[in-house]
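Worksheet: the structure to be examined is printed underneath.
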Amino acid sequence: MTILVTGGAGYIGSHAAVELLKSGYNIVIMDNLSNSNFESINRIRELTSKEFPFYKCDLLDRDELVTIFKNHDIEAVLHFAGLKAVGESVEIPLKYYHNNITGTINLCEIMAKHDVKKLVFSSSATVYGNPDRVPIDESFPVSATNPYGRTKLMVEEILRDLQVSDPTWKIALLRYFNPIGAHKSGRIGENPNGIPNNLMPYITQVAIGKREKLSVFGNDYETHDGTGVRDFIHVIDLVKGHLKALQYLDSNEGVETFNLGTGTGYSVLDLINTFSLVNKKEIPYQFMERRPGDISICYANPTKADKVLGWRAEKDLKEMCKDSWKWQTDNPNGYDKTTY
Ligand code: NAD
Ligand code: UDP
């Protein structure tokens, strides 16, 4: 059984690749390396002592995609490939729509042609927009506040339409909350290009001295300490949810949506304080204005994934902070600039 991992050189895809290989799956990775580095592929091989084919290939290149499906007996696809920077998506929306939506349509058309109809899609809690209350379950109304979020919402809808048109498709839409952390070994982790947009990579870069201080966006939210609250989830827990989803799809047709979160919300200050405590590193920070588009509180009700998939997150915030810090300290400059 061979699983195609799109975007497998990226942060979450590389961790998923390791878990798949460790669990005995054969994999093929395709990635255009637009937001990743070939070194992550070397590290996946090193961590698992396993070989697998890698294609430096773009979802927008249909011929190359066809080649992958011709060359390998693909049974299912874990579809991580996509652009994910919210701010950039506001500046260059067409690039985001083209990459994330056309890319997914290409993938699905070519899958269908090769009779591969099992798909796990990386969606996001951003599809809940600004929810009325928490915890958020899968039945909450969906909306988007930026082009990135809209690509996730549109792809979810496209996949639902696809499944209606051909009920033999088996699709899991996994709505991730806030993945952080890294593989225990410190060999793979999140490797942002330039100034990090997300909180944890910013914190680790401050801790290692690459950035002077963290800007905390807003301390006047209606939360226990005034800073935003999120559901931080260890990337290893997150990718284990994908393996459970794959197993579920073996015996279930249809489209099913699952929240992948811990069910607990922590504030920005909670994260800073836990990071400082477990890693014995002060994080200088200053309060700034709220970041436009940010919501106050977001955390999951993950009961459905527990009941239906038998999955729940196990790692706590301390472990997430330790593992993110090990990755940063072992790789102060991320992956070396290996060219492919
Ligand atoms: P990432 O940028 O590290 O990984 C995505 C990978 O996809 C990159 O390696 C990139 O080079 C590749 N890629 C992008 N466009 C491609 C294309 N057209 N063809 C081939 N490869 C392409 O991001 P990540 O954090 O690992 O996220 C993986 C998925 O999960 C994305 O779809 C993202 O939107 C989604 N997601 C991420 C988060 C998060 O906080 N990290 C939260 C919710 C959802
Ligand atoms: N945040 C912050 N400073 C930063 C980056 C993020 O205060 O440099 C806050 C942000 O306002 C939000 C939380 O951290 O409340 C999580 O932001 P992130 O961008 O990591 O994820 P999001 O939930 O926005 O997708």
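Of the residues making up the range 93-123, those that are part of a loop (DSSP other than H, G, I, E, B) and surrounded by 15 or more Cβ atoms within 10 Å (Cβ to Cβ) number 3.
Residues to consider are ARG160, ARG133; find the one that is part of a helix (DSSP H, G or I), over 19 Å from the mean Cα position of the chain (by Cα) and surrounded by fewer than 17 Cβ atoms within 10 Å (Cβ to Cβ). I'd like the intermediate steps shown before the answer.
Details: ARG133 fails: part of a helix (DSSP H, G or I).
Selected residue: ARG160, the only one of ARG160, ARG133 that is part of a helix (DSSP H, G or I), over 19 Å from the mean Cα position of the chain (by Cα) and surrounded by fewer than 17 Cβ atoms within 10 Å (Cβ to Cβ).
Within the range 68-82, is there a residue that is among the charged types (D, E, K, R), surrounded by fewer than 23 Cβ atoms within 10 Å (Cβ to Cβ) and farther than 25 Å from ALA245 by Cβ? Yes, because at least one residue in the range 68-82 is among the charged types (D, E, K, R), surrounded by fewer than 23 Cβ atoms within 10 Å (Cβ to Cβ) and farther than 25 Å from ALA245 by Cβ.
For the range 136-155, which positions are surrounded by fewer than 20 Cβ atoms within 10 Å (Cβ to Cβ) and either at pLDDT 95 or above or in contact with a strand residue (DSSP E or B) (Cβ under 6 Å, 6 or more places away or on another chain) (or both)? Give the steps one after another, and end with the answer.
Residues of the range 136-155 surrounded by fewer than 20 Cβ atoms within 10 Å (Cβ to Cβ): 137-146, 153-154.
Result: ASP137, GLU138, SER139, PHE140, PRO141, VAL142, SER143, ALA144, ASN146, LEU153, MET154.
When ASN71 is tested against the conditions (1) within 12 Å of ligand 1 (Cβ to nearest atom); (2) among the polar types (S, T, N, Q); (3) closer than 29 Å to PHE52 by Cβ, the lone failure is (1). Just one of the numbered conditions (1) free of Cβ contacts under 8 Å to residues at least 12 places away in the same chain; (2) in a loop (DSSP other than H, G, I, E, B); (3) under 28 Å from TYR148 (Cβ atoms) is not true of ASP63: (2).
Based on this model, can you work out whether PHE38 counts as within 14 Å of ligand 1 (Cβ to nearest atom), of a type in the set (Phe, Trp, Tyr) and surrounded by fewer than 20 Cβ atoms within 10 Å (Cβ to Cβ)?
On the way: within 14 Å of ligand 1 (Cβ to nearest atom): yes; of a type in the set (Phe, Trp, Tyr): yes; surrounded by fewer than 20 Cβ atoms within 10 Å (Cβ to Cβ): yes.
Taking the combined requirement at face value, the residue satisfies it.
For the residues ILE272, ILE195, ILE283, ILE203, the requirement of being closer than 23 Å to HIS15 by Cα and buried (at least 16 other Cβ atoms within 10 Å of the Cβ) singles out ILE203. GLU212 fulfils the conditions (1) surrounded by fewer than 17 Cβ atoms within 10 Å (Cβ to Cβ); (2) within 11 Å of ligand 2 (Cβ to nearest atom); (3) of a type outside the set (Gly, Ala, Ser) except for a single criterion, (2). For the range 101-117, the set of residues classified as out of contact with any Phe, Trp or Tyr (no Cβ under 8 Å at 6 or more places or on another chain) and either charged (D, E, K, R) or near ligand 1 (Cβ under 10 Å from one of its atoms) (or both) consists of THR102, GLY103, ASN106, LEU107, GLU109, ASP115, listed by residue number. Across the range 313-332, what is the total count of residues that are part of a loop (DSSP other than H, G, I, E, B) and surrounded by 17 or more Cβ atoms within 10 Å (Cβ to Cβ)? Going through the range 313-332 one residue at a time, the tally reaches 3.
The values are calculated or read from the model by the stated rules, or taken from the named source; none is laboratory data. Computed from a predicted structure; not experimentally measured. Note that each Cβ is placed from the backbone with ideal geometry, even for glycine, and that neighbours are counted across all protein chains shown.
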